[in-house]
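*Asks:* Starting off with a structure, shown below.
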Amino acid sequence: MADAQFAAEAIAPDPTPIPINGVRRRAAIDYCRRNPELVAGVIIVATLLLIGILGPFFVNVRNAQPMRAIPGQPPSARYPLGTDDQGRDLLSVMVAGLPLTLKIGFLAGAVGLSIGTVLGLFAGFLGGYVDTIISMIVDIILTVPGLLILITIAASIKTFISVEVLALVVASLAWPRPTRTIRAQVLTLRERGYVQLAGRSGMSTPEIILFEVLPNLLPYLAASFVTAVSATILASIGLEVLGLGPQNDPTIGMTIYWAILFNALLRGMWWWWLPPIVVVVLMFVGLFLISSGLDEIANPRRRRMV
């Protein structure tokens, strides 16, 4: 009898409930185990962010301005990344330029994705003339070379351009593609049972969009935001390399532009053009890995078991 009672107690489930924080922590750990690329991407991007945030406490960012160092010096103990022909300490340029470049990407990506989300929600959920008009505008804009339009806009306001203005210029063409993809997602969501039930229960269209459709789009929007940031950083660097960026701000793209302008490659000044290119590559690799990892949430068919 005692043995039977002992066996029953051994196989009985533990009645002690697991705290909700513990469940979430365990789910997060399991998700990171399934997505090593997400962890690697977060580490890379977080490292770049920390360099931009904590770097000014260890490096004098004032030396990122012209004539603050000896011009044309190779890497040394005094100048770990060397200096350029304008007398700027390139280590200070990297520390000061990283947050500016990321600021352009995050600001432009947020603005572009916000516009695309609003238009995609209304086009996909309302349908009819609203969908036709928005889809027609998106299709027209997508057929026009985006870089050509950005170059035209940036060149026309070159004397007034700053980091914030450049972000808005890039954001002006960052919304059509998210609009199309989000519209496609909403077209499938509006046919779901819970959305149909919400409409029949008396909820208004804005309430259904805000409380039923939008929350189910959040995982997809998170992955889309990372993709938008990557695209806007690429577009902004492209404009800066052409000399259409903020002339007085030491962004990564403008550093590459000055290296090209002063023939650093032909003169063998590798320390001028190589570090910003390495930073750009790391930035895009990190954002790509994050986007790939987040895509598992938005795309259930990519989900894997531990």
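The values are calculated or read from the model by the stated rules, or taken from the named source; none is laboratory data. These numbers were taken from a predicted model, which means no experiment stands behind them. Ideal geometry is used to build each Cβ from the backbone, glycine not excepted, and the neighbour counts take in all protein chains shown. All accessible areas refer to the heavy atoms of the entire protein, side chains included, with ligands and DNA or RNA removed. Shrake-Rupley method; radii C 1.70, N 1.55, O 1.52, S 1.80 Å.
*Asks:* Run the accessible area of the chain with a 1.4 Å probe and give the carbon-and-sulfur part as a rounded percent. Mind showing how you got there, number by number?
*Replies:* Values: 11620 of 16890 Å².
Within the chain, the accessible surface is 69 percent carbon and sulfur.
*Asks:* Select from Leu221, Leu121, Leu189 the residue whose mean-square fluctuation is largest in a Gaussian network model of the chain (Cα-Cα springs shorter than 10 Å).
*Replies:* Leu189
*Asks:* Oh, and also: Around Leu113, what is the net charge, scoring Lys/Arg as +1 and Asp/Glu as -1 over all other residues with Cβ under 14 Å from its Cβ? Provide the component values of the computation, followed by the final result.
*Replies:* Values: positive: Arg177, Arg180, Arg183; negative: none.
With Lys, Arg at +1 and Asp, Glu at -1, the net is +3.
*Asks:* Another one. Can you show me the helix-derived [θ] at 222 nm for the chain, built from DSSP H runs with n ≥ 4 at -39,500 (n - 2.57) apiece and divided by the number of residues, rounded to the nearest 500. Can you show the working numbers first?
*Replies:* Values: 13 runs with 210 residues, N = 306.
Only helices count here, giving -23000 deg cm²/dmol.
*Asks:* On a 0 to 90° scale, report how tilted helix 252-261 is relative to the longest principal axis of the chain, with both axes built from alpha carbons and the result rounded to the nearest 10.
*Replies:* 30 degrees
*Asks:* Let me ask you something else. Between 0 and 90 degrees, rounded to the nearest ten: what's the tilt of helix 270-298 against the longest Cα principal axis of the chain?
*Replies:* 10 degrees
*Asks:* While we're here: Just to confirm the number: angle between the C-alpha axis of helix 214-241 and the first principal axis of the chain, 0 to 90 degrees, nearest 10?
*Replies:* 10 degrees
*Asks:* Now, a different point. For the chain, report the accessible area per residue in Å² (1.4 Å probe, heavy atoms, rounded to an integer). Walk me through the numbers on the way to the answer.
*Replies:* Numbers: 16890 Å² over 306 residues.
That works out to 55 Å² for each residue.
*Asks:* I need the GluC sites (Glu not before Pro) found in the range 118-221, filtered to DSSP loop residues with at most 14 other beta carbons within 10 Å of theirs. Write out the running numbers ahead of the final one.
*Replies:* On the way: sites: Glu164, Glu191, Glu207, Glu212; in loops: Glu191.
Sites meeting the loop and neighbour criteria: Glu191.
*Asks:* Which length gain, in nm to one decimal place, applies between Arg62 and Ala77 when the Cα-Cα distance is subtracted from 0.36 nm times their residue separation? Present the calculation step by step, with values, prior to reporting the outcome.
*Replies:* Working: separation 15, 0.36 × 15 = 5.40 nm, distance 1.83 nm.
Answer, rounded to one decimal: 3.6 nm.
*Asks:* Here is a further query. How much of the pair distance distribution for the chain lies past 38 Å, counting alpha-carbon pairs only, in percent? Before the final figure, lay out the partial values.
*Replies:* Details: 14624 of 46665 pairs.
Beyond 38 Å sits 31 percent of the P(r) for the chain.
*Asks:* Turning to a different aspect of this structure: Once phi is turned into ³J(HN,Hα) by the Karplus curve 6.51 cos²θ - 1.76 cosθ + 1.60 with θ = phi - 60°, what whole-Hz value does each residue of the range 157-172 show in order, with x for glycine and proline?
*Replies:* 10, 4, 6, 10, 6, 9, 4, 5, 5, 4, 4, 5, 4, 5, 5, 5
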